[in-house]
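So the structure is just underneath, and the comments pick up after that.
The values are calculated or read from the model by the stated rules, or taken from the named source; none is laboratory data. As the structure is a prediction and not an experimental result, all values here were calculated from the model. When we count neighbours, we look across all protein chains shown, and the Cβ atoms used for this are built from the backbone with ideal geometry, even at glycine. Heavy atoms of the whole protein, side chains included, go into the accessibility calculation; ligands, DNA and RNA do not. Shrake-Rupley method; radii C 1.70, N 1.55, O 1.52, S 1.80 Å.
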Amino acid sequence: MSNRLANESSPYLRQHMHNPVDWWAWGPEAFAEAHRTNRPIFLSVGYSTCYWCHVMERECFENAQIAELMNRVCINIKVDREERPDVDQLYMTALQLLTNSGGWPMSVFLSPDLKPFYAGTYFPASDIQSRPGFPRVLLAIQDAWGTRKDQLDSTADDVIDALKKINAAPTAGPLPDIEQIGDLALAAAADFDTTFGGFGSAPKFPRETLLSALLAVCDSHEHQLIDARKVLAPRLTQTLFAMAAGGIRDHLGGGFHRYSTDARWLVPHFEIMLYDQAMLADVYVRAAAILDEPYFADVARGILDFVLRELTAPSGAFYTGLDAEVNAREGQNYLWTPAQIVEVVGTQVAQMFCDAYGLSDGPNFADPHHSDGVPDSNVLFRNGPVSIERDETLTAARVALRIARSLRDQPSLDNKIITEWNAMMIHALVVAARSLPDAQHYFIAAKKAMQYLLQTHFSDGQLLRSSVDLAARHPATLDDHAAVLRALDSLLSHTDDDAMREARDRVHASILQDFGDGSGSLFLTSAAQSDLLVRQRIARDSPLPSGNATFALTNLDSKAGINAESIVRAFSAQLQRGPDSLCTLFEAAVHLASRETNKAVMQQDPHVRITARRDGDSVVAVNFSLTRQSHLHPRPTASGARPLIVAFASPGVELLQAVLPVPSTINSEQAFFGDFTIRLISAKALPESPIKITAAYQACDDTTCFEPQSVVLTID
């Protein structure tokens, strides 16, 4: 027998279509039935790769007796939080107001007019210690609905009032200045783990938006941020090395699991989400240049290659994620014993591999739900230096083990195509294509994925949230629109495409028209959407970037209307109270503060963008940003390309030293790629009067050397 969820496209909802529960999808039909029968709504929100969602389904929703009680007491609605993040966000806030906690599965009881009055997360089939069993909860709801409904209504009204206050129009405040930026950065990074890297304690998440914001501070050349950079750069370096070595990284596949259950990054929660791959790839690519650690570029390539290999649809779009469990066992596909390693690669190589990836230290994993707690298998982690990953024997062993692993039962794949997450992945691919040598295929993949979104996720000019099997549905949120806008801007900085340019203008206009709120910030949902009681204004990361913050990052140069400055001002008070919760908005504030003190004249050609600014009393930082596969040579080449020369041009300013980054190698010749900085150090303090900088160069790509350029930049 199948229930109504058989008509849904979401893999998560379809996982429940054979439950004996009389499930409804979120929508007016379910709401009308609740009114008609005068029954409360049980709202169950989860996602397909959620381990505890599966547990509650097995224990409760597949139990005929519990299902009969659910059907008698409630109208039962199942929501995929990834399809409807707006529903999830609203009722997650309600859950936190009611219980001071949150998580999934989210279990919320609503009145027929959608007001929440009781909430929790996972409920077991019977009472366990202090956690009530789900039948007990249902019977209590039934009793209260019949005898104390006025109390439930009062609670629900209080929750709705609180939600309205939380989402009221914010009062604009000042932009943080450059000195405040340093203080806020150090406050955001205050919970750094000095032993194992990362921020916070177990369970330990990558916190990609925090990493990204702190990298922006380290990449700023403002003299006032020197002290903050000295603190933050080592913390970021330690964290990124530790995550790349730990079990949170899939050392055979290259991707990253969702989070670590311990402080050491050793034992992960095994689900793999597309958005983590997108954000971590972006972070590692940028960190390679900003922190001058080439190994981080290798980690980024591993992530991107994993996505292209295992999370990419034939259409070129990107799937949502991989489940944490296989055959109801968490992480089963990723675990190994020494005997299994021997079976694949032989005794001699197995010993080398076991030493390198921690198996020689003994088992480190015990199933948290189906064992006596004694470890009996291994999560792989790198137990040695970075050179292990470049060893030819171990590289071949990893490939052989990945192939052997592919023959095992695999975790289920959520094949939804989510607009926001795809756009984030597209942006990360473009960043990699621009910054890494021999990475043109990432740009090609990004462009193909965007073409899918343009063809499938727009209907009558309106952007939709997700698709399965080429059928898109559900209204797109601000987060979707802002992420697509950023991805299109990234692509358009490297290619001239009329369809993309038209889509970019359409998405930008839609954001201002449909999501603007008159306060300088943006709503999560459009004005046309009517199935939520409260329109939400969100600046906090979730851990994904908020749509307000992403839009701010994409509109740093805009001077009018809703732009980066208006959004940062709107949430200024929240930012001052908790920069670690509004990391993407903080990153926008970093750029705005740097822009205010940047007196450099910008130079742009189709291949190279150059800016210059003072970086202390006697230093000028000259920043280069190269497009796609363009590169510059630091010295004369066999092909005759003009080498890059940067110098002071102001009378009386003597060059003491030019500090250049380490170049890459292409076709046996050295070259600069992506974004890099040259620092010119003068022999004495620079004058306060305008300073002129000359830059002569010739940009080349894989096939062509373009016209030589010679430019002068003036720093006021």
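Data overview
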| read-out | value |
| --- | --- |
| Given (1) farther than 24 Å from H607 by Cα; (2) buried (at least 19 other Cβ atoms within 10 Å of the Cβ), number of the condition G516 does not satisfy | (2) |
| Hey, L97 buried (at least 22 other Cβ atoms within 10 Å of the Cβ) and not hydroxyl-bearing (S, T, Y) or not | no |
| Residue list for segment 400-416, filter: in a helix (DSSP H, G or I), surrounded by 12 or more Cβ atoms within 10 Å (Cβ to Cβ) and either touching a strand residue (DSSP E or B) at 6+ places or on another chain (Cβ under 7 Å) or without any contact (Cβ under 8 Å) to a residue 40 or more places away in the chain (or both) | S406 |
| Conditions (1) open to solvent by 10 Å² or more (accessible area, probe 1.4 Å); (2) in contact with a Leu (Cβ under 8 Å, 6 or more places away or on another chain); number of the one not met by P579 | (1) |
| Filtered residues of segment 236-256 (kept if assigned to a loop (DSSP other than H, G, I, E, B) and either in contact with a Leu (Cβ under 6 Å, 6 or more places away or on another chain) or touching a residue at least 60 places away in the same chain (Cβ under 8 Å) (or both)) | G246, G247, D250, H251, L252, G253 |
| Pair list, Cβ < 8 Å and 6+ apart or interchain, from segment 286-298 residues that are under 18 Å from S220 (Cβ atoms) and basic (K, R) to residues that are assigned to a helix (DSSP H, G or I) and open to solvent by 20 Å² or more (accessible area, probe 1.4 Å) | R286/D219; R286/S435 |
| Filter result for the condition that a residue is without any contact (Cβ under 8 Å) to a residue 12 or more places away in the chain and of a type outside the set (K, R), over A140, A169 | A140 |
| Segment 554-581 residues that are farther than 24 Å from L491 by Cα, paired with ones that are among the β-branched types (V, I, T) and open to solvent by less than 40 Å² (accessible area, probe 1.4 Å) (beta carbon under 8 Å, 6 or more apart) | L575/V568 |
| Filtered residue count, segment 259-279, keeping only those that are in a loop (DSSP other than H, G, I, E, B) and on the phi < 0 side of the Ramachandran plot | 8 |
| Residue within segment 124-136 that is among the aliphatic types (A, V, I, L, M), surrounded by fewer than 17 Cβ atoms within 10 Å (Cβ to Cβ) and assigned to a strand (DSSP E or B) present | yes |
| When residues of segment 698-716 are limited to those that are farther than 21 Å from A649 by Cβ and outside any loop (DSSP other than H, G, I, E, B), the one least open to solvent (accessible area, probe 1.4 Å) | C700 |
| Residue list for segment 158-186, restricted to those being open to solvent by 60 Å² or more (accessible area, probe 1.4 Å) and assigned to a helix (DSSP H, G or I) | D158, D161, K164, K165, I166, E179, Q180, D183, L186 |
| Any hit, segment 630-638, residues being in a strand (DSSP E or B) and of a type outside the set (S, T, Y) | yes |
| Segment 342-354 - residue that is of a type in the set (A, V, I, L, M, F, W, C) and within 21 Å of G384 (Cα to Cα) and, of those, most open to solvent (accessible area, probe 1.4 Å) | M352 |
| Test: R473 is open to solvent by 10 Å² or more (accessible area, probe 1.4 Å), part of a strand (DSSP E or B) and at pLDDT below 95 | yes |
| Test result for S107, more than 30 Å from T320 (Cα to Cα) and in contact with a Gly (Cβ under 8 Å, 6 or more places away or on another chain) | no |
| Pick from segment 20-54, criterion open to solvent by less than 10 Å² (accessible area, probe 1.4 Å) and assigned to a loop (DSSP other than H, G, I, E, B), ranking: nearest to F109 (Cα to Cα) | P40 |
| Exclusive hit being surrounded by 23 or more Cβ atoms within 10 Å (Cβ to Cβ) and either of a type in the set (A, V, I, L, M) or within 18 Å of R398 (Cβ to Cβ) (or both), set A339, A324, A328 | A324 |
| Candidate set from segment 305-321 (those that are farther than 30 Å from S360 by Cβ and not hydrophobic (A, V, I, L, M, F, W, C)); member that is surrounded by the fewest Cβ atoms within 10 Å (Cβ to Cβ) | P314 |
| Residue satisfying all of: in segment 670-682; touching a Ser or Thr at 6+ places or on another chain (Cβ under 8 Å) and more than 17 Å from S435 (Cβ to Cβ); surrounded by the fewest Cβ atoms within 10 Å (Cβ to Cβ) among these | I681 |
| Options N364, N422; residue that is under 29 Å from A289 (Cβ atoms) and at pLDDT 95 or above | N422 |
| Count of residues meeting criterion [closer than 21 Å to A32 by Cβ, in a helix (DSSP H, G or I) and open to solvent by 10 Å² or more (accessible area, probe 1.4 Å)] in segment 74-94 | 0 |
| Residues (surrounded by fewer than 23 Cβ atoms within 10 Å (Cβ to Cβ), more than 15 Å from the chain's Cα centre (by Cα) and closer than 22 Å to V285 by Cα) located in segment 198-215 | F199 |
| Complete set of residues in segment 450-471 that are over 12 Å from I417 (Cβ atoms) and charged (D, E, K, R) | D460 |
| Leading residue by the ranking (farthest from S315 (Cα to Cα)) among those in segment 476-496 that are in contact with a Lys or Arg (Cβ under 9 Å, 6 or more places away or on another chain) and surrounded by fewer than 17 Cβ atoms within 10 Å (Cβ to Cβ) | S493 |
| Residues of segment 369-382 satisfying the condition of being free of Cβ contacts under 8 Å to residues at least 60 places away in the same chain and either of a type outside the set (S, T, N, Q) or open to solvent by 20 Å² or more (accessible area, probe 1.4 Å) (or both) | H370, S371, D372, G373, V374, P375, D376 |
| Contacts under 6 angstrom Cβ, first residue in segment 1-23 being free of Cβ contacts under 8 Å to residues at least 24 places away in the same chain, partner of a type in the set (F, W, Y) and surrounded by 16 or more Cβ atoms within 10 Å (Cβ to Cβ), 6 or more apart | N3/W23; R4/W23; R4/W24 |
